[in-house]
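Have a look at the structure below, then the notes.
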Amino acid sequence: MNVPRLRFKDVDEREFPEWEEKKLGEVASFIKDGTHGTHQDTVNGEYFLLSAKNIKNGGIYHDESDRKISKIEFEAIYKNYKLIDGDVLLSVVGTIGRVAIYSSIFHNVAFQRSVAFFRFKSENSRFMAQLFTTNKFQNALLTNQVVSAQPGIYLGDLAKIQINLPSAKEQTKIANFLTAIDEKIFQLTQKYDLLVQSKKGVMQQIFSQKLRFRDDDGGEFPEWEDKTIDAVAEVTTGDKDTQNKIDDGAYPFFVRSQTVERINSYSFDGEAILTSGDGVGVGKNYHYIIGKFDFHQRVYCLHSFKIGVNGRFIFHYFSEHFNKRVMQLSAKNSVDSVRRSMVTDMPIYIPTYQEQTKIANFLTAIDDKITLTKTQLDAVKLYKKGLLQQLFV
């Protein structure tokens, strides 16, 4: 039978009917994409002209940095279409497959041709938006995409995609259930973003010394000292290559990304800070570890911290300031790269060991909350991903 592995039942516990196979164009009363025209940006415009990048995490996001157009330009675009509550949005150029549901609260936005819109005759829009996120539908988009300067998919090919639909009642049950999970994902995402922004703000206050800790007796700590990284730690690079990684290796293997691989060897045992020496992760990837590990030949390792130096404090300071130094001094070839002196000669302002410890403990506590929230968020996303595979045909 044409039914999913996991099903809801009707209010009187009867089985819902078998799902029907249809073409997307058969159930959509409206399939249209955004404007193909060229529109003049207006600094003081009241209307936004958005693209596929403004659809993310199941919603529509825009801010003052996005393109603005005049009311005349806006009304000219809407001669071709007028969005209403419940229209489903799908990115169809560039990053294909992002999904959102339009709401009239976005009355001041229009979209470029990278976004397509769907209005359905009798189907539940929230159900259809969830169906668009399933692996089966996303794979159908990839199969039908046209590869050119930017990947894209024609509206006519979208209309021909085969989908499976349950009864209206079952659509509603599925949509309500998954919407509740989406709400949890939204709440955790907001919490995670707030914690990250909060940490960033407080770090700026701490390292600019606008916010100071006090000693255990309530007294002020001494002024911070001006030093360099090589005065507080030793710096070296690894001797391994990415091909040395082993999926189930016994030890962490730090490469030129934020992803930590595994390996069966270790060349270091102790407290260390690691960062990428070249590639796209330069100035963005930072790791702190105490224990056995190995690392890539183009990964820098800060270790053997001097007496009176708190390694965690250095980690927080270094990860906050090194990217700016990289941008100023980077050797521009095909990718950003780091010379050893860029690390060793980096200036660092350092307080007493007692204040270092207070700062490190405070920021580490925030990191723990961020990590916990991210773990919870990833778990709910994984749970939903599994449900999508079982709730849809």
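The values are calculated or read from the model by the stated rules, or taken from the named source; none is laboratory data. All values derive from a computational prediction rather than experimental measurement. As a convention, Cβ positions derive from the backbone with ideal geometry for all residues, glycine included, and neighbour counts pool all protein chains shown. What goes into the accessible areas is simple: the full protein's heavy atoms, side chains included, and nothing from ligands, DNA or RNA. Shrake-Rupley method; radii C 1.70, N 1.55, O 1.52, S 1.80 Å.
Once amide H atoms are placed 1.01 Å from N in the peptide plane, what residues at a sequence separation of 5 or more from Phe111, or on another chain, have their amide H within under 5 Å of its amide H?
The list, which skips near neighbours in sequence, is Thr35, Leu50.
Given points 7 Å out from each Cα along the Cα-Cβ axis, report the Ser267 to Gln197 separation in nanometres with one decimal.
Modelled inter-label distance: 4.1 nm.
Can you tell me, using C-alpha contacts under 8 Å and at least 6 residues apart, the relative contact order of the chain as a whole percent? Don't skip to the answer; put the middle values down first.
Values: 674 pairs, mean separation 64.5, N = 393.
Value for the chain: 16 percent.
Using each residue's phi in the stretch 104-119, evaluate 6.51 cos²θ - 1.76 cosθ + 1.60 at θ = phi - 60° and report the 3J(HN,Hα) Karplus result to the nearest Hz, with x for Gly and Pro.
Values per residue, Gly and Pro as x: 5, 5, 9, 5, 9, 10, 10, 10, 7, 5, 6, 10, 10, 10, 10, 10 Hz.
Arranged from highest to lowest average of other beta-carbon atoms within 10 Å per residue, in what order do the peptides 236-246, 91-101, 172-182 appear? Don't jump to the answer; show the numbers that get you there.
Numbers: 236-246: 14.7, 91-101: 20.0, 172-182: 16.8.
Sorting 236-246, 91-101, 172-182 by mean packing, highest first, produces 91-101, 172-182, 236-246.
Checking the table Lys53/Lys324; Lys71/Lys374; Lys68/Lys374; Lys324/Lys384; Lys9/Lys384; Lys79/Lys385 against a 30 Å threshold on Cα-Cα, which pairs fail? It would help to have the intermediate numbers written out before the result.
Numbers: Lys53/Lys324 26 Å; Lys71/Lys374 41 Å; Lys68/Lys374 34 Å; Lys324/Lys384 38 Å; Lys9/Lys384 20 Å; Lys79/Lys385 38 Å.
With Cα atoms farther than 30 Å apart: Lys71/Lys374; Lys68/Lys374; Lys324/Lys384; Lys79/Lys385.
Skip the ligands, DNA and RNA, and give the accessible area per residue of the chain with a 1.4 Å probe, whole Å². Before the final figure, lay out the partial values.
Values: 20790 Å² over 393 residues.
Per residue, the chain has an accessible area of 53 Å².
At 7 Å along Cα-to-Cβ for each site, give me the label-to-label distance between Lys306 and Val280 in nm.
Those two pseudo-labels are separated by 3.8 nm.
Carbon and sulfur together cover what percent of the accessible area of the chain at a 1.4 Å probe radius?
Details: 10300 of 20790 Å².
Taking all protein chains in place, the chain shows 50 percent carbon and sulfur surface.
Show the residues, 5+ positions off or on another chain, whose built amide H is closer than 5 Å to the amide H of Ile289.
Here Ala272 satisfy the definition.
Using only the alpha carbons of the stretch 49-93, determine the length spanned along each of the three principal axes and report them from longest to shortest in whole angstroms.
Taking max minus min along each principal axis of the Cα atoms, the stretch 49-93 gives 31, 26, 21 Å.
Taking only DSSP H segments of four or more residues, each worth -39500 (n - 2.57), what value at 222 nm results for the chain once the sum is divided by all its residues, to the nearest 500 deg cm²/dmol?
Numbers: 10 runs with 141 residues, N = 393.
After summing the helix terms and dividing by residue count, I get -11500 deg cm²/dmol.
Using Cα centres only, tell me the gap between the stretch 254-284 and the stretch 129-178 in whole Å.
Here the two parts' Cα centres lie 39 Å apart.
Under the Kirkwood approximation for Rh and a Cα-based Rg, what ratio Rg/Rh is obtained for the chain? Mind showing how you got there, number by number?
Working: Rg = 26.5 Å, Rh = 25.1 Å.
The Rg/Rh ratio comes out at 1.06.
Please report the relative contact order for the stretch 165-269, taking Cα pairs under 8 Å with a sequence separation of at least 6, and give it as a percent rounded to a whole number.
Working: 46 pairs, mean separation 11.6, N = 105.
That works out to 11 percent.
Lys/Arg Cβ at +1, Asp/Glu Cβ at -1, dipole of the stretch 214-307 taken about the Cα centre: which of Tyr286, Asn264, Ser304 is farthest positive-ward?
Asn264
Give a residue-ordered list of calculated ³J(HN,Hα) values for the stretch 363-376 (Karplus: 6.51 cos²θ - 1.76 cosθ + 1.60, θ = phi - 60°; whole Hz; x for Gly, Pro).
Per-residue couplings from phi come out as 6, 5, 5, 5, 4, 4, 5, 4, 5, 5, 5, 5, 5, 5 Hz.
Relative contact order, percent, of the stretch 24-166 when contacts are C-alpha pairs under 8 Å separated by at least 6 residues? All intermediate terms of the calculation are to be shown ahead of the outcome.
Numbers: 260 pairs, mean separation 45.6, N = 143.
Reported relative contact order: 32 percent.
Would you mind pulling out the separation of the Cα centroids of the stretch 188-215 and the stretch 11-44, in Å?
Result: 42 Å between the Cα centres.
Sort 382-389, 277-284, 122-129 for me by packing, meaning the mean count of neighbouring Cβ atoms within 10 Å per residue, highest on top.
On the way: 382-389: 14.2, 277-284: 18.6, 122-129: 20.4.
Answer by packing, highest mean first, reads 122-129, 277-284, 382-389.
Taking the Cα centre of the stretch 258-393 as origin and charging only Cβ (+1 Lys, Arg; -1 Asp, Glu), how large is the dipole, in debye to the nearest 20? Walk me through the numbers before you get to the answer.
Details: 17 positive and 12 negative charges, 65 e Å.
Dipole magnitude for the stretch 258-393 comes out near 320 debye.
Given points 7 Å out from each Cα along the Cα-Cβ axis, report the Ser103 to Glu225 separation in nanometres with one decimal.
5.5
How much length is gained if the chain between Ala365 and Met1 is pulled fully straight, taking 0.36 nm per residue apart and subtracting their Cα-Cα distance, in nm to one decimal? List each step's numbers first, then the result.
Details: separation 364, 0.36 × 364 = 131.04 nm, distance 5.26 nm.
So the chain would gain 125.8 nm between Ala365 and Met1.
Just to check I understand the Karplus step: with θ = phi - 60° and J = 6.51 cos²θ - 1.76 cosθ + 1.60, what whole-Hz values come out for the stretch 257-262, glycine and proline as x?
Per residue, the Karplus-derived 3J(HN,Hα) values read 8, 6, 6, 9, 7, 10 Hz.
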